[in-house]
1. Could you please tell me the mean projected area of the C-alpha convex hull for chain A, averaged over all directions and given in square nanometres to one decimal?
2. Can you give the calculated 222 nm mean residue ellipticity of the protein assembly as shown, where each DSSP H run of n ≥ 4 adds -39,500 (n - 2.57) and the sum is split over every residue, rounded to the nearest 500 deg cm²/dmol?
3. Rounded to the nearest 0.05, what FRET efficiency do B:Q130 and A:V138 have when you use their Cβ-Cβ distance and R0 = 41 Å?
4. So how compact is region A:144-266: Cα radius of gyration and Dmax in angstrom?
5. Here is the link list: B:K17/B:K52; A:K35/B:K121; B:K3/B:K52; B:K52/B:K97; B:K24/B:K52; A:K45/B:K17. Which ones come out longer than 29 Å on Cα distance?
6. Pick out which of B:G20, B:G99, B:G174 has the largest mean-square fluctuation in a Gaussian network model of chain B, springs linking Cα atoms closer than 10 Å.
7. Quantify how strongly other chains surround peptide A:44-55 by giving the mean number of their Cβ atoms within 10 Å of each of its Cβ atoms.
8. Which value, in Å to one decimal place, does the Kirkwood hydrodynamic radius take for chain B when every pair of different Cα atoms is included?
Amino acid sequence: MANERVYRAEGMVLRRIDYGEADRILTIFTREQGKIRAIAKGARKTTSRLAGYIELLNRTHFMLAAGRDLSIVTQGEIRERYEHLSRTYWHATAGYYIAEAIDRALEDREPQTAVYTLACATLQRLNADAAAWLSDPVPANKAGPAARGWAAVRNFEIQLLDLLGYRPAFHHCVVCESALQPVEQNGFNAELGGAVCPACARYAQRTLPLLTLKVLRLIQVTDWAALPVMRLDTRTRDDVDGVLQQLLTHHLDHALRSWNALHHTT
Amino acid sequence: MQKIAAPIQGLIEEFAKLPGIGPKTAQRLTFFLLRSPEDQVTRLADALRRLKTDIVTCSTCFNIAASDPCAICGDPERDQSLICVVEEPLDVLAIEKTGIFRGTFHVLHGALSPVEGIGPKDLRIEELIQRARTTDLREIILATNPNYEGDYTATHIAQALQPSAIKITRLARGLPLGGDLEYADEGTLARALEGRRTFE
């Protein structure tokens, strides 16, 4: 397929930068070919036929012409629009975060169908959560990020690590391999890839309270549809966020820039 | 051994630093100026120098201007209770060209982008909120670009301005003049349907 001059691909735009007079250079995560780079010519003009098809994250069918370095976007057709995502600040930030994580995690032209499916599912969940959040008539419920949206992002992080081959260990100690006991004194080490038991506490980078461990396990092993709505206190949420951020930072060799924005947004 | 005289080489190199100008274009421009009358070259040099010495940022709207307050903020004819928020100074020009906007502006100097590390503190958002608190405002028009980044920035500003009695609006979006319905994308067409108006 790659040596055909014109090809078709389904994908989502992860990143775009302005180029030249009115062009944009896109990083597209395609289902068929993984991450590719393409140019959308004239896309910044209001009369551009392409402009509406190269919005961030929409699931789109692209027609592309193979170029030497960059493919050229010739046509588009949107398959799924996550229209509520950009209508709340937290959900829109989460969209950026998903895009940045995938962009950092994958190499160019490396097909990752499972990651693609995960990304689409996560964006659908966030979009549905944003719609629910927007139509919630109780102002008090809008004080923090919606519980379901938060869980969708954490589920994405854990599943992404799994698909990249870095499944974190939350059931046994990563040092002595003994099964973890339901106690408050467990610890965690991102470089070793998971939890450490109290006997190996000298390897711990941070503590792992029992509730945090339970939440991480629950998100790791439960199908999304079966995952209960979790009403957690801020400390536990921050703890879960912190554990997963350390893991991602370690495995991606880079702290994700949008994590801070997401973590501090309500 | 140098093949081209140093002043010419220097100018070629400076031109080549400009966006969209490669080494060949830089050479052409340099030799065009070399053959031009001296007063034309002097005018260009003066214009370049004045670009940095005579330009200030308006302390009210943060547009680049020749004076502070700028011509728009200092104009008593303009409606000071109406602020149009835009990303870049060039957007002010675009809206001014329509000739129908009689309010004032607020230039953010960019759009929020968590991935590029551009947060609210990197833009003139806090200044806008201050302006909204200290000025008697009727309406704030969020005229950031109609894309994910622009919507994201507008959502942030709208949330940051709450609670407030000021009317907050967003530019309408829909079909461009001279466009063809067949080629409109679904998103734009959906917005155009939502925002349709009674036929007059």
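1. Values: hull surface 62.7 nm².
It is 15.7 nm².
2. On the way: 13 runs with 178 residues, N = 466.
The per-residue figure over the protein assembly as shown is -12500 deg cm²/dmol.
3. 0.85
4. Final numbers for Rg and Dmax: 13.8, 40 Å.
5. Details: B:K17/B:K52 17 Å; A:K35/B:K121 32 Å; B:K3/B:K52 33 Å; B:K52/B:K97 25 Å; B:K24/B:K52 27 Å; A:K45/B:K17 25 Å.
Violating the 29 Å Cα-Cα cut-off are A:K35/B:K121; B:K3/B:K52.
6. Checking each option, the largest mean-square fluctuation is seen for B:G20.
7. Per residue, the average neighbour count from other chains is 5.
8. On the way: mean 1/r = 0.0489 Å⁻¹.
One over the average 1/r among Cα pairs gives 20.5 Å for chain B.
The values are calculated or read from the model by the stated rules, or taken from the named source; none is laboratory data. All values derive from a computational prediction rather than experimental measurement. Virtual Cβ from ideal backbone geometry, glycine too; neighbours counted across all protein chains shown. When the accessible area is computed, the model is the full protein with side chains, heavy atoms only, and any ligands, DNA or RNA have been set aside. Shrake-Rupley method; radii C 1.70, N 1.55, O 1.52, S 1.80 Å.
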